[in-house]
Each structure stands twice: as structure tokens, then as C-alpha cells.
Amino acid sequence: MISGCAEPNCTAAAGSNTPRCGQGHMLRHCPNCGTANRAFANVCRDCAAQLPSLSSWTGHKGGPRRLGVNATPGPVDWTSRKALSFSLGDACRTLLACDGHLVAVSMNGTIWIADPTRERVLCRFQTQGPMTAEPCISNGTLHVATHGRVTAYALGPTALEPPRIRPLWQADVAGTPIFALTPAGNRLYVTIQTGNQHEVHVIERPGHGSQAVARRLQGARKTSWLSADPASGNAIFLSEDDGHVQLHVAAGDIESHPVHLDTLHEQPVAVLSGSVFAIFGRERRLVRINSATGAIEEPLDSDTLLFALTHDANFDWDRDGVRIDGEGACFLRSAIRDSFTPQDRATKPSPVVVQGAAAAVGMEDGRVLLYRLAHLPRHEVWRIDGGAAAPITALASFDGFIAAGDRDGAVEVRELRPGGAA
């Protein structure tokens, strides 16, 4: 079946199984009737069926699971080429992606939306800043957080000509949102800093133009970053008060379990196949915990600073991934290590894995190390805009692309093309 492009004023043909029309516009095809719909659409314009999301990097470390993995398989041997670059004019806070579009967010609240396949910036707009927490995308909606407020923007109208920018809804919060906004089902979870206390709030996401209300779920002296399991719709986080650690599972209300570990680190926790992965103790040990009971399932490597975990088609951990420690980058299944010099420091978005193809590690000196998973520890050095030396502050991967942003606001997208040198 060949149908027309769903973009206004575009008459190019769109094949039933092709992600783009003849003019390069990204489309969502309805699994029920095959109709081509515009990027960021949630329901089919013909039969009103729910539409599957296409390539995405919807939140910090890739999405609510916080795995740091682009699960779309990439080429085993590849050559990287510059696809797109631009400057935000301020430090890059976050890089996200949805339906083949890159969404770059600066610290001061400037948002750029670009299509690296067509090598075009489509629009830019200014929100209230500064961004105090990592934004996220869910159901075609961009959620951003500033002091005392969470705001949602529909992404669909931003691709119109001219773009239409207006908030869908706003929610006031009594404090400063921190860490990362986390969608789970029809709820949005946010961590609030109030004095020396962390509080986790939930927002039941309303319709267009409504005033959303944030409801407090839990408070503690220290909490981990939020994560979520899209399969169950549960949000998950850890807290520590007076040396006692608890695991919390939220599905509207909250259920808590004791965890017999100490010294919780305020870092993202990963959720995969019924397990929570988090860093504990002075030795900074990565530990796998049962997400339903809080029981310790497996102590893993110590001296863990940052990590990414890969998985199979059933979202079971395949015992692979990348771990950054005080000495360098370690690739879990092969146990191959690339040692850093004493001056080298990886930055917190790291590492990012393109399944079966590459791993990217952002560095404090402005380098991005692009590892070839088929030929470890071989890698190439990528510097944004040819020679920037500002620390890498954001990394993302979607389709066959890897994007990086730095503290000076430079953003660059590279494409991994089949045919790399061995």
C-alpha cells in the first residue's frame, strides 16, 4: 500500500513499511490500518488506534529504565560521519530523541528540535529557565522542570510550518525539581529538593490546558534518582534516612521494603527484568536487588562510577554492558579494559551503548571516545565541532545516530554508517 505523507502541504508518497515519505518526513504507521501519521502522533488519524513510538531516547540515560542503551542494533563495522551540528548558546543540559528528531535542551531553557536525517534544525523556542532537572518525553509530549514548576509541551505542533508552541499544562511544586523527570503509565514522577529533604511527588497528567496537581508520595534525607519499569507502570527509587535504606515501588500509592545495605549514592538506578541496579557503600559496589522485595540478589563490581547495561529481546539482562571505574572503561562480558590516564575523567551521561555496534564515553576534556564493540578496546576520538575542549554534558543515541553536547552549548550528531575499518 502506498499512501500520501501526513505532513501538511506534502504530497510525497509514503510506503506502508517505510519510516519516511519521499521528502524525508518521519511518519508513524498505524499497526491496525496502515495509515501514515505524522511524527509525534499518539493515535491514528484514520482509525484512532494507539500508535507505537519509533526510535527514541526519551529521558536521562535513554528512558525511564536508565540503562544507557540504544537497543536498535547498529552495524558491526561502521564509519562515523558528522550529520548535523549547531550551538545552543548556553550549556547543553539534555539531549533527547523521538521519532527520528533530536530535542536539545540548554540550561537556560532554550529548546532546539532538529532532524539529522534531513540535516535541518526545524524550530527553536524559549521556555522559562534554568532547567533544574533532566527533562523527558512521553506520548509525544516534552516535560521540563524549573524552580517551582513542571511544564508540558506537545511536540507535534513544533513540526508545523510555522511551528506552534504553547504549554499543554503546568504544575506548581513546593521546591526545586532535581535529578530526572520520570514517566510511568499516565503518571509523571518528580523529585523535589526542599531544604535538606528530598521529596518524591506524582503528577496525574491532565488534558490540554488543564492545571495539573503534584501529590507528595515520600520524603527522606537522601534518595536515588527515579527510574521506572514501562512494562508494569511502576516507578522505583531508593531512600536513606539515619543509615536505613529502603526500596520504594510506586504505582499511584507507594510500597516500601528494607534493603540491608548502607551509603546510598545519589545516582540513577537502573531497572531491568525484575531487578534494580544501584551503587552502594564506600567501595561504590554495584548491586543487583530484587525490585519486588528489596532482597539482595547479587553483589557486582566495586569502584563503579558509571554504568550501562544491555539486554535481550525479553528485557532480560544479558550480563553485558559497560562500566566506568577509577581506572577506565571495562566491557563486562569480554572483561576487556581500556585504561585511562590519571588525568582522564568520564562525565555523568556516560556510557552510552548502541546495541552490537558501539559505546560512547564523554570526557571532561571535551573528547567523546567511540569504541568499536567488535574490535575492543579499539576506539576513535571525537571532538565536537572539530576541537572543542569543554566537558561533555549530554549524550544520546537513536536510530544509527549518536549525539553529544558540551558545557559551551555545542551540539553535534554523528551517524554510524556500515563499512567501518577493521
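For the range 105-123, name all the residues that are closer than 22 Å to A41 by Cβ and not β-branched (V, I, T).
Result: W112, A114, D115, P116, R118, R120, L122, C123.
Restricting the search to the range 255-271, which residues are surrounded by 15 or more Cβ atoms within 10 Å (Cβ to Cβ) and part of a loop (DSSP other than H, G, I, E, B)?
Matches in the range 255-271: L261, T263, H265, E266, Q267, P268, V269.
Out of all the residues in the range 134-143, is one or more over 18 Å from the mean Cα position of the chain (by Cα), outside any strand (DSSP E or B) and in contact (Cβ under 8 Å) with a residue 24 or more places away in the chain?
From the range 134-143, those over 18 Å from the mean Cα position of the chain (by Cα) are none; that's our starting set.
No, there is no match, as no residue in the range 134-143 is over 18 Å from the mean Cα position of the chain (by Cα), outside any strand (DSSP E or B) and in contact (Cβ under 8 Å) with a residue 24 or more places away in the chain.
Can you pull out every residue in the range 366-390 that is touching a helix residue (DSSP H, G or I) at 6+ places or on another chain (Cβ under 8 Å) and closer than 15 Å to L416 by Cβ?
Correct list: V368 only.
Let me confirm something: among A404, A359, A396, which residue is assigned by TED's automatic domain parsing to the domain that holds T310, aliphatic (A, V, I, L, M) and either in a loop (DSSP other than H, G, I, E, B) or touching a Pro at 6+ places or on another chain (Cβ under 6 Å) (or both)? Please lay out each step first, then the result.
Working: A404 fails: either in a loop (DSSP other than H, G, I, E, B) or touching a Pro at 6+ places or on another chain (Cβ under 6 Å) (or both); A396 fails: either in a loop (DSSP other than H, G, I, E, B) or touching a Pro at 6+ places or on another chain (Cβ under 6 Å) (or both).
Only one candidate qualifies: A359.
What are the residues in the range 322-365 that are surrounded by 21 or more Cβ atoms within 10 Å (Cβ to Cβ) and among the basic types (K, R), if any?
Of everything in the range 322-365, just one residue is surrounded by 21 or more Cβ atoms within 10 Å (Cβ to Cβ) and among the basic types (K, R), namely R323.
From the list A174, A214, A180, A184, which one is at pLDDT 90 or above and surrounded by fewer than 19 Cβ atoms within 10 Å (Cβ to Cβ)?
Numbers: A214 fails: surrounded by fewer than 19 Cβ atoms within 10 Å (Cβ to Cβ); A180 fails: surrounded by fewer than 19 Cβ atoms within 10 Å (Cβ to Cβ); A184 fails: surrounded by fewer than 19 Cβ atoms within 10 Å (Cβ to Cβ).
That would be A174, the only listed residue that is at pLDDT 90 or above and surrounded by fewer than 19 Cβ atoms within 10 Å (Cβ to Cβ).
Find the residue count for the range 362-381, including only residues that are without any contact (Cβ under 8 Å) to a residue 40 or more places away in the chain and either under 18 Å from E412 (Cα atoms) or part of a strand (DSSP E or B) (or both).
Kept after step one, since they are without any contact (Cβ under 8 Å) to a residue 40 or more places away in the chain, are these residues of the range 362-381: 363-365, 367-368, 378, 381.
In the following step, the residues that additionally are either under 18 Å from E412 (Cα atoms) or part of a strand (DSSP E or B) (or both) were identified as 363-365, 367-368, 381.
Selection size over the range 362-381: 6.
For residues that are surrounded by 15 or more Cβ atoms within 10 Å (Cβ to Cβ) and free of Cβ contacts under 8 Å to residues at least 40 places away in the same chain, tally how many sit in the range 187-203. Even if it seems obvious, please write down each step before you answer.
Our first condition is that a residue be surrounded by 15 or more Cβ atoms within 10 Å (Cβ to Cβ); within the range 187-203, this holds for 187-193, 198-203.
With the extra rule that they be free of Cβ contacts under 8 Å to residues at least 40 places away in the same chain, the set shrinks to 192-193, 199, 201.
Summing the residues that are surrounded by 15 or more Cβ atoms within 10 Å (Cβ to Cβ) and free of Cβ contacts under 8 Å to residues at least 40 places away in the same chain in the range 187-203 gives 4.
For the structure I just gave you, tell me whether R319 is surrounded by 15 or more Cβ atoms within 10 Å (Cβ to Cβ) and either of a type outside the set (S, T, N, Q) or out of contact with any Lys or Arg (no Cβ under 7 Å at 6 or more places or on another chain) (or both). Show your work before the answer.
Details: surrounded by 15 or more Cβ atoms within 10 Å (Cβ to Cβ): no; either of a type outside the set (S, T, N, Q) or out of contact with any Lys or Arg (no Cβ under 7 Å at 6 or more places or on another chain) (or both): yes.
Considered against the rule, which asks whether it is surrounded by 15 or more Cβ atoms within 10 Å (Cβ to Cβ) and either of a type outside the set (S, T, N, Q) or out of contact with any Lys or Arg (no Cβ under 7 Å at 6 or more places or on another chain) (or both), R319 comes out as no.
From L54, L102, which residue is modelled with pLDDT of 95 or more, out of contact with any helix residue (DSSP H, G or I) (no Cβ under 7 Å at 6 or more places or on another chain) and crowded, with 17+ Cβ neighbours inside 10 Å?
On the way: L54 fails: modelled with pLDDT of 95 or more.
After applying the criteria, what remains is L102.
What pairs can you find where one residue is in the range 58-71 and closer than 14 Å to A394 by Cα, the other is of a type in the set (D, E, K, R) and in a helix (DSSP H, G or I), and their Cβ atoms are less than 6 Å apart, with a gap of 6+ or different chains?
Going by the 6 Å Cβ cut-off, the qualifying pairs are G68/K61.
Strands (runs of 3 or more DSSP E) wholly in the range 152-248 with at least 2 residues that are over 22 Å from A292 (Cβ atoms) and out of contact with any Gly (no Cβ under 8 Å at 6 or more places or on another chain) - which ones?
Counting at least 2 such residues, we get 167-172, 176-184, 187-194, 197-204, 211-220.
Quick one: how many residues across the range 256-268 are within 19 Å of V190 (Cα to Cα) and modelled with pLDDT of 95 or more?
So the count comes out to 1.
Tell me whether the range 148-166 contains one or more residues that are surrounded by fewer than 19 Cβ atoms within 10 Å (Cβ to Cβ) and closer than 22 Å to A251 by Cα.
no
Six or more apart or on different chains, Cβ under 7 Å: which pairs go from a residue in the range 122-133 that's under 15 Å from A104 (Cβ atoms) to one that's among the aromatic types (F, W, Y) and buried (at least 17 other Cβ atoms within 10 Å of the Cβ)? Could you list them?
What qualifies is R124/W112.
The values are calculated or read from the model by the stated rules, or taken from the named source; none is laboratory data. Because the structure is predicted, anything quoted here is derived from the model rather than measured. Every residue, glycine as well, gets a Cβ built from its backbone with ideal geometry; the counts of neighbours run over all protein chains shown.
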